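Colleague: One structure is given below, represented as structure tokens, and several questions about it will come after.
The values are calculated or read from the model by the stated rules, or taken from the named source; none is laboratory data. Here the structure is a predicted model, which means the values were calculated and not measured. Reconstructed Cβ throughout: ideal geometry from the backbone, glycine too, with neighbour counts over all protein chains shown.
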Amino acid sequence: MSDIQQLDCRGLSCPQPALMAREAVGEKDKGTIEILVDSGTARENVSRVAQSAGWQVNIEEQPGGVFKLVLKK
Amino acid sequence: MSFVSRFLTSRWGPIVTGAAVGVLAPLLVKLGNPGNMGVCVVCFNRDIAGALGLHRAGLVQYIRPEIIGLVLGALVAALVFREFKPRTGSAPFVRFMLGMFSVFGALVFLGCPWRAYLRFAGGDWNAVFGIVGLVAGIGVGVLCLRFGFSLGRSNPAPRALGWLMPAAMVVLLVLLILAPQFGRDADGNAVGPIFFSSKGPGSQHAPLLIALAVGLFIGFLAQRSRFCTVGAVRDAIILRSTHLLYGVLTLIVVAFITNLILGQFKPGFANQPVAHTDALWNFGGMVLAGLAFTLAGGCPGRQLFLSGEGDGDAAMFVSGMIIGAGFAHTYTMASSPSGVAAFGPITVVIGLVFCIVIGLTMRGVKA
């Protein structure tokens, strides 16, 4: 069963990736959220938002300068 | 290098960048730049527009090496830290227009957010109205973001596209050094193609190599630390994040101290350098600028740094700023120390209508 929420924030300007991440972590008490970003800025901003809401962040680097942020709580 | 990278992306990154600007900008004034204009992205793009003959306001024409340095410094950082990523396709023409209107607003106030903070740190209390306007404009932008505003996604682009803005900056550097002249007209006036002011703010500048080096250094730091003078306020409002805000607060405090040490702190409203005392339009101009910067995703400095990283959409915004500065001084929209110009206020009103329509109608990116 897959209750992993997935968000694609690639190519979006500041602060949209962080806003989308905040909305996602705000809607869930626990679980897994996977967020794709393609800039260092978005990677850092999304990580900060998630960590400040108490989520663990694991970053996987993918080809083409894309990062998959796996948020768990 | 990995230590530098980790440090600059930590909470200390924006603080160190703000401190660097706070020391170096007043020093550039000491070394020849106009008052409270150590670094002003809008004023300097305006000077570049004048130097290229896009406007003929003879007092504000010079190719500012700081701008060249800011872009190329960000390019170097992006290459070193493997963040040079050519990309485009996120509403380029809208960004061009936002660049133009941001400059129209900022030139009614007479300064970008960087200079608004620097003016305040130099004792120019007129800047308070500008900063309040800036925060209000960012607030309106935040409302648009809350309603779902988006300029859409950018996509990866060929490498050549990413190199265009850095290459344009190298061309500007060559033009600055060579300053080619095609001759003079019958009245003895230079006919260009490059115009440099012989008096006024355009004639006041720090030595070329020092200004270039400062630009390179700040551009390098800011690319890595994501320093943004608009994002600072925006993130504090919308994300309750003070990460970037500490950078701006550090800039103001350090610039204030540096100005005190250099004897450049002159508190008051009247007779401030390259400034006017019209509170309403100092406020109004920066409402427009703050809104346009927020819709475009960052302050004018940040747009320069992004264009150095290969962001073709930010390059469109920067182009809009330079072309817009040409219009602003050709069509009597830009203020002067004697006050607001004839078409400044109506331009601000038109710009606000434009930005609000864009802000409320462009949306629709789904995850």
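Colleague: Tell me which residues, restricted to the stretch B:214-235, are assigned to a helix (DSSP H, G or I), within 11 Å of chain A (Cβ to nearest Cβ) and in contact with a Ser or Thr (Cβ under 8 Å, 6 or more places away or on another chain).
Modeller: Within the stretch B:214-235, B:Arg224, B:Ser225, B:Arg234, B:Asp235 qualify.
Colleague: Restricting the search to the stretch A:9-39, which residues are in a helix (DSSP H, G or I) and among the charged types (D, E, K, R)?
Modeller: The answer is A:Arg22, A:Glu23, A:Glu27.
Colleague: Considering the stretch A:25-40 alone, what residues qualify as being at the interface with chain B (Cβ under 8 Å from one of its Cβ atoms) and over 20 Å from B:Arg224 (Cβ atoms)?
Modeller: Filtering the stretch A:25-40 for residues at the interface with chain B (Cβ under 8 Å from one of its Cβ atoms) gives A:38-40.
Residues satisfying the conditions do not exist here.
Colleague: Would you mind stating whether B:Leu24 is out of contact with any Leu (no Cβ under 8 Å at 6 or more places or on another chain), more than 14 Å from chain A (Cβ to nearest Cβ) and farther than 25 Å from B:Ser150 by Cα?
Modeller: yes
Colleague: Show me the helices (runs of 4 or more DSSP H) found entirely inside the stretch B:68-166 where at least 1 residues are within 14 Å of another protein chain (Cβ to nearest Cβ), under 15 Å from the mean Cα position of the chain (by Cα) and under 30 Å from A:Gly65 (Cβ atoms).
Modeller: The qualifying helices (runs of 4 or more DSSP H) are B:92-109.
Colleague: A follow-up question, please. Given the residues B:His243, B:His205, which is the only one that is away from chain A (no Cβ under 14 Å), in a loop (DSSP other than H, G, I, E, B) and of a type outside the set (A, V, I, L, M, F, W, C)?
Modeller: Selected residue: B:His205, the only one of B:His243, B:His205 that is away from chain A (no Cβ under 14 Å), in a loop (DSSP other than H, G, I, E, B) and of a type outside the set (A, V, I, L, M, F, W, C).
Colleague: Tell me the helices (runs of 4 or more DSSP H) entirely within the stretch B:298-367 that contain at least 1 residues that are in contact with a strand residue (DSSP E or B) (Cβ under 8 Å, 6 or more places away or on another chain) and at pLDDT 95 or above.
Modeller: In the stretch B:298-367, B:312-330, B:344-361 are the helices (runs of 4 or more DSSP H) which contain 1 or more residues that are in contact with a strand residue (DSSP E or B) (Cβ under 8 Å, 6 or more places away or on another chain) and at pLDDT 95 or above.
Colleague: Looking only at the stretch B:49-67, which residues are part of a helix (DSSP H, G or I) and surrounded by fewer than 24 Cβ atoms within 10 Å (Cβ to Cβ)?
Modeller: Within the stretch B:49-67, the first condition is being part of a helix (DSSP H, G or I), and the residues that meet it are B:49-51, B:65-67.
Matches in the stretch B:49-67: none.
Colleague: Among (1) in contact (Cβ under 8 Å) with a residue 60 or more places away in the chain; (2) over 13 Å from the mean Cα position of the chain (by Cα); (3) over 17 Å from B:Gly133 (Cα atoms), where does B:Leu306 come up short?
Modeller: Among (1) in contact (Cβ under 8 Å) with a residue 60 or more places away in the chain; (2) over 13 Å from the mean Cα position of the chain (by Cα); (3) over 17 Å from B:Gly133 (Cα atoms), the lone unmet condition for B:Leu306 is (2).
Colleague: Just checking, does the stretch B:171-187 include any residue being touching a residue at least 24 places away in the same chain (Cβ under 8 Å) and small (Gly, Ala, Ser)?
Modeller: No, that holds for no residue.
Colleague: In this structure, does B:Thr277 turn out to be hydroxyl-bearing (Ser, Thr, Tyr) and surrounded by fewer than 24 Cβ atoms within 10 Å (Cβ to Cβ)?
Modeller: Against the criterion (hydroxyl-bearing (Ser, Thr, Tyr) and surrounded by fewer than 24 Cβ atoms within 10 Å (Cβ to Cβ)), B:Thr277 qualifies.
Colleague: Only residues in the stretch A:41-62 that are farther than 13 Å from B:Arg226 by Cβ and more than 11 Å from chain B (Cβ to nearest Cβ) count as the first member; pair them with residues that are among the hydroxyl-bearing types (Ser, Thr, Tyr) and part of a helix (DSSP H, G or I), Cβ under 7 angstrom, at least 6 apart or cross-chain, and list the lot.
Modeller: A:Val57/A:Ser47
Colleague: Could you go through the stretch B:270-280 and let me know if any residue there is charged (D, E, K, R), closer than 30 Å to B:Met97 by Cβ, in contact (Cβ under 8 Å) with a residue 40 or more places away in the chain and out of contact with any Cys (no Cβ under 8 Å at 6 or more places or on another chain).
Modeller: yes
Colleague: Sticking with this one: Of all residues in the stretch B:173-199, which are assigned to a loop (DSSP other than H, G, I, E, B) and either crowded, with 17+ Cβ neighbours inside 10 Å or in contact with a strand residue (DSSP E or B) (Cβ under 6 Å, 6 or more places away or on another chain) (or both)?
Modeller: Within the stretch B:173-199, B:Ile194, B:Phe195, B:Phe196, B:Ser197 qualify.
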